[in-house]
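Sharing a structure below in structure tokens format, with a few things to ask.
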Amino acid sequence: MAIWWYTGDMNRLAKQLIIGGVYLAIIFGLSWFVYRAFVPAPTCTDGIQNGKEDGVDCGALACGILCPVAVKPLENSEPVIIKTGPSSYDVLAHLENPNATYGASRVDYVLTVTDAQGNEIASRRGSTYVNPAQPRYLLFPLQGLTIVPAKAALVFSPTNVTWAALSIDAAGDVQFAVRNDRFTATSASAQFEATIGNVSKFNFDAVDVTVLVYDSNGKIVGANATVQHTVVSGEQRAFLVQWPFPVPGAVRAQAIVTTNVFANDNFIRTYGAPGSIPGI
């Protein structure tokens, strides 16, 4: 059997392929020239944002370095000093986190209390957490003061704050509801009772509750705190806090409920094994 090759068509096809390849090479070269002309190459060392950098000299694709996230500092209000007895006082500190997805997993602080002349008469050291987009109240009872406190300050430096990311979904999953709250005050004492509802899907080892008492002008005139342990998902936990002394001007109270979402041992699994929140 004979096989015939039609060399004319084969030569024509080869020429077309060669010409097409040349055109593609020219188009690619022109495109690359235009790209290089209008998109400067990232240097990652020149102190400016250029090329495909996500920030100044950073970016995973351009430089192989992630850009740092801009985290707003914690807002620190001046602590409130509340007289609770002849030589006893409560100092209430208030931190606010303006970041929606970043929380302070640890804040090392120093509380200082001074007299009218600025002399230190008491101090406390400790650490706490502040969840994303939430307040954090710290209550410091001071006993046996022989000098009247005039001012207090909660001091910490940015280097003493450990930031951690938390996904928005995870942050929204940690929710508590305060129901059936009732505040009563007499000339000799006061008390606040309510029910905490754990409406999240997590079981918590410790839930922090701070109760703030206000006068008719909205000024804080009293405070109390309690920790509720082993609060499981769906539970309604009743609690009661008392003031065995008068709280002048008190007309209403509010409970602030938080829990440390950055401590793995604060999450309790169904069968008792420690858990953790997704997104940390």
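The values are calculated or read from the model by the stated rules, or taken from the named source; none is laboratory data. Keep in mind that what you see is a predicted model, and the values were worked out from it rather than measured. Note: ideal-geometry Cβ built from the backbone for every residue, glycine included; neighbour counts use all protein chains shown.
Name, by its number, the condition in (1) in the same structural domain as Phe156 (by TED's automatic domain parsing); (2) free of Cβ contacts under 8 Å to residues at least 60 places away in the same chain; (3) buried (at least 19 other Cβ atoms within 10 Å of the Cβ); (4) in contact with a Lys or Arg (Cβ under 9 Å, 6 or more places away or on another chain) that does not hold for Thr114.
(3)
Sticking with this one: Could you tell me which of the residues Thr210, Thr230, Thr226, Thr184 is surrounded by 19 or more Cβ atoms within 10 Å (Cβ to Cβ), among the hydroxyl-bearing types (Ser, Thr, Tyr) and in a strand (DSSP E or B)?
Values: Thr230 fails: surrounded by 19 or more Cβ atoms within 10 Å (Cβ to Cβ); Thr226 fails: surrounded by 19 or more Cβ atoms within 10 Å (Cβ to Cβ); Thr184 fails: surrounded by 19 or more Cβ atoms within 10 Å (Cβ to Cβ).
Within the list Thr210, Thr230, Thr226, Thr184, the selection yields Thr210.
Of everything in region 111-137, what is aliphatic (A, V, I, L, M) and closer than 25 Å to Val71 by Cα? Give them in sequence order. Steps first, please.
Let us first name the residues in region 111-137 that are aliphatic (A, V, I, L, M), namely 111, 113, 116, 121-122, 130, 133.
Within region 111-137, Leu111, Val130, Ala133 qualify.
Right, next: Taking region 124-155 on its own, how many of its residues are within 26 Å of Ala206 (Cβ to Cβ), of a type outside the set (Lys, Arg), free of Cβ contacts under 8 Å to residues at least 40 places away in the same chain and surrounded by 14 or more Cβ atoms within 10 Å (Cβ to Cβ)?
3
I'd like the full set of residues that are part of a strand (DSSP E or B) and either loosely packed, with under 13 Cβ neighbours inside 10 Å or of a type in the set (S, T, N, Q) (or both), limited to region 194-207. Walk me through it before giving the result.
As a first pass, look at region 194-207 and keep what is part of a strand (DSSP E or B): 194-198, 203-207.
Scanning region 194-207 gives Thr195, Asn198, Asn203.
Further question on the same structure: Going by what's in this entry, would Ala177 be described as in a strand (DSSP E or B), modelled with pLDDT of 95 or more and not charged (D, E, K, R)?
Yes; evaluated as a whole, the condition is true for this residue.
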